[in-house]
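Have a look at the structure below before the remarks.
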Amino acid sequence: MARRYKDTEGTIYFGSYSDFAPYQPFSNFAETAFIWEGERYESLERAYQAQKTDVPKEKLDIRFAKSSVAAKRLGTKCKMRKDWDVIKRRVMKELVRAKFYQNDELKKLLIETKGKTLVEEAPWDEYYGNGRDGTGQNELGKILMEVREELINRFIPTKENKDGSTLDKRK
């Protein structure tokens, strides 16, 4: 079955395959580098998988894995932090926030989805994706929508700033 990017009835489906363009960069597997805790990660998946462990060598191996898929494999074999199930969603949100705040093109793309529901089409992932039958929890989509609202509230000009002299409302 060929996967295709879909934007229907107010819902955008995205995934890690290139035919999900233009929203493929929303995937954690997209090679979109960013800085996390002073270290450069080539993808969000590498950063996320590295946070699963407190073992320094495992963190490094995951960070420098040859691909996001390789990083995910290493992340399934690492010595898991005891608190991982409790903190994993918060970690994911912090990483998503870092990725989108640091990349102006991605920030713009995410903001442009305003009003749309974002769904990660990931049949292998019942928690972060929509799962095998489309009834997964879609936590990544929910996190992206939460970060989108933060970005809109922070960077979209307000009535007091109609001229658009700065997009960062905090300035």
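Okay, residues lined up against (1) surrounded by 13 or more Cβ atoms within 10 Å (Cβ to Cβ); (2) at negative phi; (3) assigned to a strand (DSSP E or B); (4) modelled with pLDDT of 95 or more:
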| residue | (1), (2), (3), (4) |
| --- | --- |
| D19 | no, yes, no, no |
| P25 | yes, yes, no, no |
| K57 | no, yes, no, yes |
| L60 | no, yes, no, yes |
| A65 | yes, yes, no, yes |
| T76 | no, yes, no, yes |
| K88 | yes, yes, no, yes |
| K99 | yes, yes, no, yes |
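Sort out which residues of segment 114-127 are within 17 Å of F29 (Cα to Cα) and touching a residue at least 40 places away in the same chain (Cβ under 8 Å), and write them in order of number. Outline the logic, then answer.
Going through segment 114-127, the residues within 17 Å of F29 (Cα to Cα) turn out to be 118-127.
Scanning segment 114-127 gives L118, V119, E120, E121, A122.
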Those residues of segment 101-126 which are open to solvent by less than 60 Å² (accessible area, probe 1.4 Å) and of a type in the set (F, W, Y) amount to Y101
Determine, yes or no, whether I111 is more than 22 Å from Y127 (Cα to Cα) and in contact (Cβ under 8 Å) with a residue 24 or more places away in the chain.
yes
Segment 31-48: number of residues that are open to solvent by less than 70 Å² (accessible area, probe 1.4 Å) and in a strand (DSSP E or B):
3
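Go through S68, S16 for me and flag whichever is closer than 16 Å to L144 by Cα and touching a Ser or Thr at 6+ places or on another chain (Cβ under 7 Å). Can you show your working first?
Details: S68 fails: closer than 16 Å to L144 by Cα.
From the options S68, S16, the qualifying one is S16.
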Quick one: in segment 137-160, of everything that is in a loop (DSSP other than H, G, I, E, B) and closer than 23 Å to P22 by Cβ, which residue is most open to solvent (accessible area, probe 1.4 Å)?
I156
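The values are calculated or read from the model by the stated rules, or taken from the named source; none is laboratory data. Worth saying up front: this structure is predicted, and the values here are computed from it rather than measured. Neighbour counts are summed over all protein chains in view; Cβ atoms, including those assigned to glycine, are modelled from backbone coordinates with ideal geometry. Just so you know, the surface numbers come from the protein's heavy atoms only, side chains and all, with ligands and any DNA or RNA stripped out. Shrake-Rupley method; radii C 1.70, N 1.55, O 1.52, S 1.80 Å.
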